Amino acid sequence: MSENDFKLCLCLNETEISQKWIKTLKSEKIDILLFRNFAEFENFVLISAPHPEKTLLIIQIHPQICLYETLLEYLAKKDISVIVCGENLNNSMVAEILLKGAEDYVNLNIDPLILRAKIISHFKRMSGYKNQIIPFPRNKNIISSEKRELKIRIDKMSVLIRGKKEVILTQKELSILGLLISNENRIVRRTDVLKNIWKDKVENINPQILDKYIEILRKKLNSVGQNIKTIYGLGYMYKGKE
């Protein structure tokens, strides 16, 4: 990694732990920023507008840092990937955090070398992310995946699966699937899907509705539905056959 290519934002209440993590990551030349609380981090994002694909937030659930409910609300609409840390969280809380879109959950006493591996792995994955997506091609009548497993027929509001079974789609289902197929084997961020499909109404949309549409599409596409991959902390990908 080149110097200052990636930003690691630490929002912890434990100064000793922060310094230990910083020491472990020093050789990686990652730009590490410290924040006293979540509000301070949000202000940084508002002013500096860091690249989402090059920024990772590690935040502690703590009354002085970030409340559990505040974190869940942020995860639902975030652009930046988040690793949550804490102590004595029950399994249901950890599960909800991950399902809401957190990249990972770690205990505060995690071995710094393991945390370092998680962070490096995340940034390596992000380095392959392409920011520019291909918009849903509304001027085409047919959109096909590269290996022709799926063929979207816009005029019929349907998708032909492996040249045999035709399935009717709603307008939103067709648009989401068309966007993913147009960007086959590339990550499409949740926010990019929402903006492309709901456009100027996106601010009034609950981001979780996208998860419901993805779930419905997977069921309608049967075995081919497994090609729609969830890339946790980022978005979705239609993974075509190689």
Handout entry: Residue count, the stretch 14-31 (criterion: surrounded by fewer than 17 Cβ atoms within 10 Å (Cβ to Cβ) and either within 23 Å of the chain's Cα centre (by Cα) or of a type in the set (Ser, Thr, Tyr) (or both))
Key = 4
Handout entry: Condition check for LEU10: under 18 Å from ASN107 (Cβ atoms) and under 21 Å from the mean Cα position of the chain (by Cα)
Key = yes
Fill in the blank from the handout: Inside the stretch 165-194, the number of residues satisfying the requirement of being surrounded by fewer than 19 Cβ atoms within 10 Å (Cβ to Cβ) and polar (S, T, N, Q) is 4
Problem - Selected residue (only one of GLU53, GLU73 is within 21 Å of HIS122 (Cα to Cα) and within 22 Å of the chain's Cα centre (by Cα)) - result: GLU53
Exercise for the section: Examine the stretch 39-62 for a residue that is in contact with a helix residue (DSSP H, G or I) (Cβ under 9 Å, 6 or more places away or on another chain), more than 15 Å from PHE6 (Cα to Cα) and surrounded by fewer than 16 Cβ atoms within 10 Å (Cβ to Cβ), and state whether such a residue exists. Expected result: yes
Practice task
With the condition kept exactly as written, say whether any residue in the stretch 37-47 is under 15 Å from the mean Cα position of the chain (by Cα), under 28 Å from GLU203 (Cβ atoms) and β-branched (Val, Ile, Thr).
Solution key: no
Problem - Residues satisfying the stated conditions in the stretch 138-152, i.e. surrounded by fewer than 17 Cβ atoms within 10 Å (Cβ to Cβ) and of a type in the set (Lys, Arg) - result: ARG138, LYS140, LYS147, ARG148
Fill in the blank from the handout: Within the stretch 65-101, the residues that are in a loop (DSSP other than H, G, I, E, B) and at pLDDT 85 or above are ILE65, LEU67, GLU87, LEU89, ASN90
Practice task
Name the helices (runs of 4 or more DSSP H) wholly inside the stretch 104-206 in which the number of residues that are acidic (Asp, Glu) and modelled with pLDDT of 90 or more is 1 or more.
Solution key: 171-182
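The values are calculated or read from the model by the stated rules, or taken from the named source; none is laboratory data. Keep in mind that this is a model prediction, so the values were computed, not measured. Every residue, glycine among them, receives a Cβ derived from its backbone with ideal geometry; neighbour counts consider all protein chains shown.
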